[in-house]
Amino acid sequence: MGMSLTGSFDAVSSFYDPLSRLVFGKALIRSQTCFLNLVPQYAHVLIIGGGTGWIIEELLSKKPSVFITYVEASVKMLEKSKERFSNSPFKDQITFILGTHLTIREEEKYQVVITNFFLDLFQQATLPSIMNPIYKALDKDGLWFFSDFSLRSKRTYSFLHKILVRIMYLFFGAFCKIEGNQLPNFDKAFQDFDLKEVAGLYFYTDLVQAKVFIKK
Ligand SMILES: C[S@@+](CC[C@H](N)C(=O)[O-])C[C@H]1O[C@@H](n2cnc3c(N)ncnc32)[C@H](O)[C@@H]1O
């Protein structure tokens, strides 16, 4: 079900982090960590499509009191994430779930949800149905952390950005059979929900964006 929608990242789990680091340096890491200080203490945080789980370490190093639900569709990505915490004192604060956006239970509410380089896997038309369960799981006044690619640059880099994004879709289309084949208009997708942008930053000559929204 969810798996066929999103393909599988099992095939790339062993080299996803080093490859993204090679191409983007620290930009993808910075875009995911720059606003983590806005996460409230003791918050219940839902991370969906978090990959190998390095973001959990970053979050806990800044906010050691949070509770994390980590929903990942890839068995291998989830295994890697779990391994990091097998002997950690934070172990009991993290719930690892093999699942998708459809696994999220409506009655569970989170003060923070995090979708990083996740919404780009889908086509524009599918995004509302992917985002809706995540939005519903977010408390009123809760924060939605989002980072992803952006094609907003209109200057020198615009052409290079388009090529790089095209290559990424070809690559992840071939290896992971993702549904998406071009970068969705994320601004448009977020407008469907009652969310207000409260923070935003761009990295890597504007190719990478990080935003935080609050649920009204
Ligand atoms: C492009 S990777 C990004 C990983 C991580 N956020 C990062 O930036 O390093 C997307 C991740 O989303 C996971 N994924 C794909 N579809 C999913 C779904 N419907 N629910 C949860 N995770 C999903 C994949 O297994 C993969 O680990």
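Nothing in this text is a laboratory measurement; each read-out follows from the coordinates by a stated rule. Because the structure is a prediction, the values reported are computed rather than measured. Counting neighbours? That spans all protein chains shown, and the Cβs are built from the backbone with ideal geometry, glycine included.
At q = 0.16 Å⁻¹, what is the base-10 log of I(q)/I(0) for region 43-161 according to the Debye formula with one equal point scatterer per Cα and no solvent? Please give it to two decimals. Those come out to -0.78, one per q. Rounded to the nearest Hz, the phi-derived 3J(HN,Hα) couplings of region 173-190 under the Karplus curve 6.51 cos²θ - 1.76 cosθ + 1.60 (θ = phi - 60°) are x, 6, 7, 10, 6, 6, 6, x, 9, 7, 5, x, 7, 5, 4, 4, 4, 6, where x marks glycine and proline.
In a simple Cβ point-charge model (Lys, Arg +1; Asp, Glu -1; nothing else charged), the chain has a dipole of about 560 debye relative to its Cα centre.
Taking the DSSP beta bridges with both ends in region 2-215, the antiparallel portion is around 45 percent. Backbone geometry of region 67-77 corresponds, through the Karplus equation with coefficients 6.51, -1.76 and 1.60 at θ = phi - 60°, to 3J(HN,Hα) couplings of 10, 10, 10, 10, 9, 10, 7, 9, 4, 5, 4 Hz, x marking Gly and Pro.
Under the convention that each Lys and Arg Cβ holds +1 and each Asp and Glu Cβ holds -1, the size of the dipole of region 1-107 around its Cα centre is about 340 debye. Relative protection proxy for 72-85, 155-168, from highest mean packing down: 72-85, 155-168 (other beta-carbon atoms within 10 angstrom).
Run through every distinct alpha carbon pair of region 109-216 and return the Kirkwood hydrodynamic radius in angstroms, one decimal place. One over the average 1/r among Cα pairs gives 14.5 Å for region 109-216. Legend: calculated FRET efficiency, GLN93 to ALA11, from the Cβ-Cβ distance at R0 = 22 Å, rounded to 0.05, equals 0.15.
The residue list ALA125, LEU151, SER86 was ranked by how far each Cα lies along the charge dipole of the chain toward its positive end, using unit charges on Cβ atoms, and LEU151 comes out on top. Computed over region 2-215, the P(r) curve from all C-alpha pair distances, binned at 5 Å from the origin, holds 1, 7, 15, 20, 22, 18, 11, 4, 1, 0 percent per bin.
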